[in-house]
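One structure is given here, and the rest of the page talks about it.
The values are calculated or read from the model by the stated rules, or taken from the named source; none is laboratory data. Keep in mind that this is a model prediction, so the values were computed, not measured. Cβ atoms come from the backbone with ideal geometry, glycine included; neighbour counts cover every protein chain shown. Just so you know, the surface numbers come from the protein's heavy atoms only, side chains and all, with ligands and any DNA or RNA stripped out. Shrake-Rupley method; radii C 1.70, N 1.55, O 1.52, S 1.80 Å.
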Amino acid sequence: MAQSKLPLSAGGIPRHVAIIMDGNGRWASARGLPRGEGHRRGVEALRKTVRAAGEIGISFLTVFSFSAENWSRPPSEIRDLMGLLRRFIRNDLAELHQNGVKVRVIGERSDLDPDIRRLLEEAEELTKANTGLTLVVAFNYGSRQEIARAAARIATKIKAGEIEPSAITADLIGQNLDAPDLPDPDLIIRTSGEQRLSNFLMWQSAYSELVFVPTYWPDFDRAALEGAIAEYHRRERRYGGLIAQTGS
Ligand code: FPP
């Protein structure tokens, strides 16, 4: 692994970085290209970013790859995005596995085509014992939907008499989210200049630092990731208290 050029003394590397990969369409339009080309270049940026994240020493990288709201896009674009996910898993899974990457998936799987569900399961199964970077693919993901799923799981346990309503705490809700074992993101990056969360990790981002970069996602690379981490280092994290915590 390449050595990080970041000043580790400046607060450490964020353990969990989450990215809203936005601006593929605008990247393509600016070049007179079809939107699909923007998404294809987006996958290349994703590959580079996964590699860079591992090299920098990030432990968890979550990427917003298809939102629950993306179904409202034209069918041809949805087909494109589904095709890219299929190809990403088929072409890149072996390399990810070789590099010790552990793949996890969050989001609602029941509405996905059975072959996509199988590919996602295969990626998780093949890489489950890996100890390198954890790559969390948020696919058909929406945060409100995830919180609703957690509520339904808790309600089922109450109905079965396993727990009392008085046992519902913020921790219990957190434990019933899609990937309860993952730490909350320290840093959330959104590309393309938009400044919103758009239904991404709203529960988990209570204390995350949000960094918005003007770069369209296909142009995002290691230098852009390091720039966002440098901005994270300039922030003081107080978690509602008075004393700044280290940024690691
Ligand atoms: C936002 O760009 C991006 C997405 C809707 C999906 C992100 C997907 C990728 C980076 C490639 C797919 C990767 C996998 C693994 C499936 P936009 O289309 O909203 O851009 P715009 O706001 O400029 O139109």
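Quick one: which residue in Ser143, Ser166 is in contact (Cβ under 8 Å) with a residue 40 or more places away in the chain and not aromatic (Phe, Trp, Tyr)? Spell out how you get there, then give the answer.
Details: Ser166 fails: in contact (Cβ under 8 Å) with a residue 40 or more places away in the chain.
Every option except Ser143 fails the conditions.
Filter the range 223-248 for residues that are closer than 25 Å to Leu46 by Cβ and open to solvent by less than 50 Å² (accessible area, probe 1.4 Å) and give the result.
Passing the criteria: Ala224, Leu225, Glu226, Gly227, Ala228, Ile229, Ala230, Tyr232, His233, Gly247.
Report, by residue number, each residue of the range 49-77 that is more than 9 Å from the ligand (Cβ to nearest atom), under 12 Å from Phe139 (Cα atoms), open to solvent by less than 40 Å² (accessible area, probe 1.4 Å) and in a helix (DSSP H, G or I).
Of everything in the range 49-77, just one residue is more than 9 Å from the ligand (Cβ to nearest atom), under 12 Å from Phe139 (Cα atoms), open to solvent by less than 40 Å² (accessible area, probe 1.4 Å) and in a helix (DSSP H, G or I), namely Ala68.
Is it the case that Ile13 is part of a loop (DSSP other than H, G, I, E, B) and open to solvent by less than 30 Å² (accessible area, probe 1.4 Å)?
Details: part of a loop (DSSP other than H, G, I, E, B): yes; open to solvent by less than 30 Å² (accessible area, probe 1.4 Å): yes.
When the stated conditions are applied, Ile13 passes them.
Would you mind finding the one in Ile243, Ile189, Ile229 that is closer than 23 Å to Gly38 by Cβ and β-branched (Val, Ile, Thr)?
Ile189
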